[in-house]
Amino acid sequence: MLVHTRLGQQPCLSGRSNTAYRVIRCQAAPTAPSPIPEKSSLESRTKEGADNGKAFIHLIPNNGRWENGIPPVMGAHLMASGTISPISVSKGAGVDVTPHQFQYHDTETEASVMLYVTPEKAQAGLVKLVVEAAEAAVKAKGAFTLVLSGGSLPALLGPLATAKGIDWSKTHIFFVDERNVPHSSPDSTYKAAQEALLSKVPIPPAQVYAIAEGLPVEQAAVQYEGRLVSIPAAALPRTAEGGFPVFDLILLGVGPDGHVASLFPNRPETSASKGWILPVKNSPKPPPERITMTMPVINAAKEVAIVALGAGKCEIVQRVLEVQALPGALPAQLVRPRGGKLKWLLDVASAEGLDTAHWNEGKRFPRSAF
Ligand SMILES: O=C(O)[C@H](O)[C@@H](O)[C@H](O)[C@H](O)COP(=O)(O)O
């Protein structure tokens, strides 16, 4: 019989799933707002700001930290995989507890959820985010390092080709993960990015860091890491702790199992605390062989945006943002740039499952319906 652990009395891991959120309504739109789709159940939706493509709700979670120490019992939650997470028993708050496989670092992450009325307006918001990051980076250090994901993300980048404010001569493009396939393959993220954007802008080819072709995946990972390591710190600073590369902006997607990049639930690569680039074999998402940046590299970034649009993302967005899960069950919950910014870009369809009215009840637990 499954024991339903009632941890509701004490706020335990407040990771984003159990964090008390504050809903901050954005400024009213200068123009008359278009009608908000009635079907939305988001109580905190406002009439202002929805019309001109601005995000009209910012949900700012408190920092993710264990509020009262590690709870003695965790688990029995519905996980992205659809199974109930195992129950883990530790010695409890304040006692030296065997660290969980994934350490939630105790740090501030400035996180927000940007909610747009339509995918088109979310795309415009993404373009604005990239332009702002590019302008700030070039002003600060004369270079802009942008990291791309695969999947549906590259197709959203087309409008950057005509956006004002990006100095392509100072821009460097990387891939947070990449399939170990030829650049000509329809599965290649490099190919998708070339077709959607890079072939349309004057970026020096040497500043687009594609993976080497035709190597065994382990060698492809080593080779890619070697290329990154050789970039001077002036363009790609390193963190004081761990010496990880600090990219200016990393754009992620999220898979139905909560994976980001090629870091999948309960896989060793996802909990790696060393190294910049790892090989991935037998990926749950085809194609099977990939390379991926590690979570410490993602969390070293100045800014990370997770773009999740459309009804197909509704369930995983709700689980990542509202369901407490065992550390590591949902890699997207591990994305917490240390001292950096995290933004979720959602549209009405992908945010439909959120129940923001309860986000202020920091003690409400478990969030999962289980
Ligand atoms: O190469 C990849 O497959 C991606 O990097 C992967 O992490 C992707 O971002 C997610 O699977 C979401 O993909 P969609 O946006 O297409 O659903």
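The values are calculated or read from the model by the stated rules, or taken from the named source; none is laboratory data. Predicted model, so just to flag it, every value in this text is computed and none were measured. So basically every Cβ, Gly included, is an ideal-geometry build from the backbone, and we count neighbours across all protein chains shown. For accessibility, only protein heavy atoms count, side chains too; no ligands or nucleic acids. Shrake-Rupley method; radii C 1.70, N 1.55, O 1.52, S 1.80 Å.
Numbers at a glance
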| item | result |
| --- | --- |
| Under Karplus coefficients 6.51, -1.76 and 1.60, residue-wise ³J(HN,Hα) of the stretch 161-172 in Hz, glycine/proline x | 5, 10, 6, 7, x, 9, 8, 5, 6, 10, 9, 10 |
| Extension gain from Ala234 to Ala206, taking 0.36 nm per residue of separation minus the Cα-Cα distance | 8.4 nm |
| Long-range amide H partners of Phe144 with built H, under 5 Å | Thr171, His172 |
| Calculated from backbone phi, Karplus (6.51, -1.76, 1.60) coupling profile of the stretch 338-347 in Hz, x at Gly/Pro | 5, x, x, 10, 10, 10, 9, 10, 10, 10 |
| Two-site label geometry, Asn282 and Lys141: point separation in nm, points 7 Å out along Cα→Cβ | 3.8 |
| Under-5 Å amide H pairs with Leu345, H placed in peptide plane, nonlocal only | Met114, Ile306, Val307, Ala308 |
| Between the stretch 203-243 and the stretch 252-286, the alpha-carbon center distance in angstrom | 18 |
| The stretch 248-352: trypsin sites (Lys or Arg not before Pro) in DSSP coil with no more than 10 other Cβ atoms inside 10 Å | Lys274 |
| Förster radius 25 Å - calculated FRET efficiency between Glu110 and Ala163 (Cβ-Cβ, nearest 0.05) | 0.55 |
| Percent carbon-and-sulfur accessible area, the stretch 192-328, ignoring ligands, DNA and RNA, probe 1.4 Å | 60 |
| Low-density loop cleavage sites - GluC sites (Glu not before Pro) in the stretch 223-283, where at most 11 other Cβ are within 10 Å (DSSP) | Glu241 |
| Pairwise FRET efficiency - Ser273 versus Gln219, Cβ, R0 = 25 Å, nearest 0.05 | 0.65 |
| Loop trypsin sites (Lys or Arg not before Pro), the stretch 141-241, which have at most 15 other Cβ atoms in a 10 Å radius of their Cβ (DSSP) | Lys164 |
